[in-house]
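A.B. asks: Structure in structure tokens, see below.
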Amino acid sequence: MPPTAAASTAHPAGPEPSVLVEDLRKTYGGKPALDGLDLAVPRGTVLGLLGPNGAGKTTAVRILTTLVRPDGGSARVAGHDVRREPRAVRRRIGLTGQHAAVDEILTARQNLEMFGRLFHLGRSRARERAAELLERFRLSEAADRQPKNFSGGMRRRLDLASSMILAPEVLFLDEPTTGLDPRGRSEVWESVRELAAGGTTVLLTTHYLDEADKLSDRIAVIDQGRNVTEDTPAGLKRAIGGDRLEVVVGEAADLPAVAAAVARVAADGAEPEISEGELRVHAPVSVGEQVAALTDVARRVQDEGIAVEDIGLRRPTLDEVFLTLTGHQTDQPGPAAKTGDDKEKEGVTA
Ligand SMILES: Nc1ncnc2c1ncn2[C@@H]1O[C@H](COP(=O)(O)OP(=O)(O)O)[C@@H](O)[C@H]1O
Ligand SMILES: [Mg+2]
């Protein structure tokens, strides 16, 4: 649903979205990184911007946070045009990784107080704000330790806290959990949920379907700088067809029998896919019927005396999501992808 109403005029449907992007374009070396992107994030909601490497997620975030100028289209954040009013935009936003230079010598508390002073808070206000944020991001106990001794999740929460010093209207998180272990990821997720519950508008990029699913009110799927689809997490999962049931056998000769068993429980008569090389059969199963499907197939193959190496349910990979949504596999990122992405990662993950 591309937003069409002119941003400067009153929105008939209510207040202007906190992020409003129309036909956004950016080209690097003749290759489009953004090729007509549209986004609208209503105030107080979380949009997950989901796409494979090279899709244009970071480029979109950099434009929306005024770090890069677009070549075309328009982008408004918190009611201000990123090109014409970059200072007004910057005053109203936070960006994780913006302060990649979290000081290693200072403690977590001292870091936050220092950022407060940098943003012109008075000494006592800075101290107060630091204490609030330490509490909010569950860093109070670690407050007087140096971040170099933090786990990945704690470190990322300190990043989040430092991007929240001025209580931004809109918070941008570019792949907030990339590189974290499962525990660190769920810690960061919890913090993002709390922020959203407190009314902050959040735009987060990710290439993990489960992350977008867990955190977003709506998910915009993009590829090659363009919108692929946008929906609620539930709607998107319905469109994708739920989890995959996957069976790995020991002998290629058993593949047809296993495929037949899987076919009986596959969602909406979907054809099981057989990868002969990996001795693997998999098919989507309907939401709500996963466990019954798994049990049914397990019993059937056991009855037939088939040696199964592995059987289980797994979330569709992003590649499978794209295959389902677009009918084609995600394309390889362009030749420049590595450079741009690596450069960005350094800045974002610290
Ligand atoms: N500074 C840059 N210079 C050249 N190409 C870039 C630069 N930044 C991004 N790109 C290219 O733009 C495309 C989109 O990149 P990016 O926005 O980083 O995608 P994502 O964040 O979704 O992985 C990629 O093909 C990438 O190589
Ligand atoms: Mg990126």
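Computed from the coordinates by the stated procedures, all read-outs in this text should not be read as laboratory data. From a predicted model like this one, the values you see are computed outputs, not experimental measurements. As a convention, Cβ positions derive from the backbone with ideal geometry for all residues, glycine included, and neighbour counts pool all protein chains shown.
A.B. asks: Quick check: residue separation of LYS214 and ASP181 times 0.36 nm, minus the Cα distance between them. What number comes out in nm?
C.D. replies: The LYS214-ASP181 span can extend by a further 10.2 nm.
A.B. asks: Return one number: the angle in degrees, 0 to 90 and rounded to the nearest 10, between the long axis of the Cα atoms of helix 123-136 and the longest principal axis of the Cα atoms of the chain.
C.D. replies: 10
A.B. asks: Let me ask something else about it. Tell me, rounded to the nearest percent, the portion of alpha carbon pairs in the chain spaced more than 27 Å apart.
C.D. replies: 53
A.B. asks: With contacts defined as alpha carbon pairs under 8 Å and 6 or more residues apart, what's the relative contact order of the chain in percent?
C.D. replies: It comes to 19 percent, rounded to a whole number.
A.B. asks: Sticking with this one: Taking the chain as the reference, fit the longest principal axis to its C-alpha atoms, fit the long axis of helix 108-118 to the helix C-alpha atoms, and give the angle between the two in degrees, 0 to 90, nearest 10.
C.D. replies: Orientation of helix 108-118: about 50 degrees from the principal axis.
A.B. asks: Compute the length gained on full extension between LEU106 and LEU325: take 0.36 nm times their separation in residues and subtract their Cα-Cα distance, giving the result in nm to one decimal.
C.D. replies: Fully extending the segment from LEU106 to LEU325 adds 74.1 nm.
A.B. asks: Turning to a different aspect of this structure: Looking at the chain as a GNM with Cα springs under 10 Å, which of GLU187, GLU309, GLU22 has the largest mean-square fluctuation?
C.D. replies: Answer for the Gaussian network model of the chain: GLU309.
A.B. asks: In addition: Taking Cα atoms, how many degrees apart are the long axis of helix 152-162 and the longest axis of the chain, rounded to 10 and kept between 0 and 90?
C.D. replies: In the chain, helix 152-162 runs at an angle near 40 degrees to the longest axis.
A.B. asks: Who wins for biggest fluctuation among GLY235, GLY36, GLY305 in a Gaussian network model of the chain, springs between alpha carbons below 10 Å?
C.D. replies: The residue with the greatest mean-square fluctuation here is GLY305.
A.B. asks: Taking all pairs of different Cα atoms in segment 108-233, averaging 1/r and flipping that mean, what Kirkwood radius in angstroms comes out?
C.D. replies: Final number for the Kirkwood radius of segment 108-233 is 15.4 Å.
A.B. asks: If you put +1 on each Lys and Arg Cβ and -1 on each Asp and Glu Cβ, how big is the dipole of the chain around its Cα centre, in Debye rounded to 20?
C.D. replies: So the magnitude is around 2140 debye.
A.B. asks: For GLU132 and ALA88, what does the FRET efficiency come to when R0 = 25 Å and r is the distance between their Cβ atoms, rounded to the nearest 0.05?
C.D. replies: In this case the efficiency is close to 0.50.
A.B. asks: Related question: First measure r as the distance between the Cβ atoms of ARG117 and ALA253, then evaluate 1/(1 + (r/R0)^6) with R0 = 51 Å and state the FRET efficiency to the nearest 0.05.
C.D. replies: On the way: r = 71 Å, r/R0 = 1.39.
Once the sixth-power term is evaluated, E becomes 0.10.
A.B. asks: Right, something else. Among residues other than ASN149 whose Cβ falls under 10 Å from its Cβ, what is the net charge (Lys/Arg +1, Asp/Glu -1)?
C.D. replies: For residues surrounding ASN149, the net value is +2.
A.B. asks: Can you give the calculated 222 nm mean residue ellipticity of the chain, where each DSSP H run of n ≥ 4 adds -39,500 (n - 2.57) and the sum is split over every residue, rounded to the nearest 500 deg cm²/dmol?
C.D. replies: -11000 deg cm²/dmol
A.B. asks: Under the rule of at least 5 residues apart or a separate chain, name every residue whose amide H is placed under 5 Å from the amide H of ARG92.
C.D. replies: Amide H to amide H, under 5 Å and 5 or more residues apart or across chains, ARG92 pairs with nothing.
A.B. asks: Please list the equivalent ellipsoid semi-axes of segment 11-135, computed as the square roots of five times the alpha-carbon gyration tensor eigenvalues, in descending order and whole angstrom. Walk me through the numbers on the way to the answer.
C.D. replies: Values: eigenvalues 195, 68, 36 Å².
Sorted largest first and rounded, they come to 31, 18, 13 Å.
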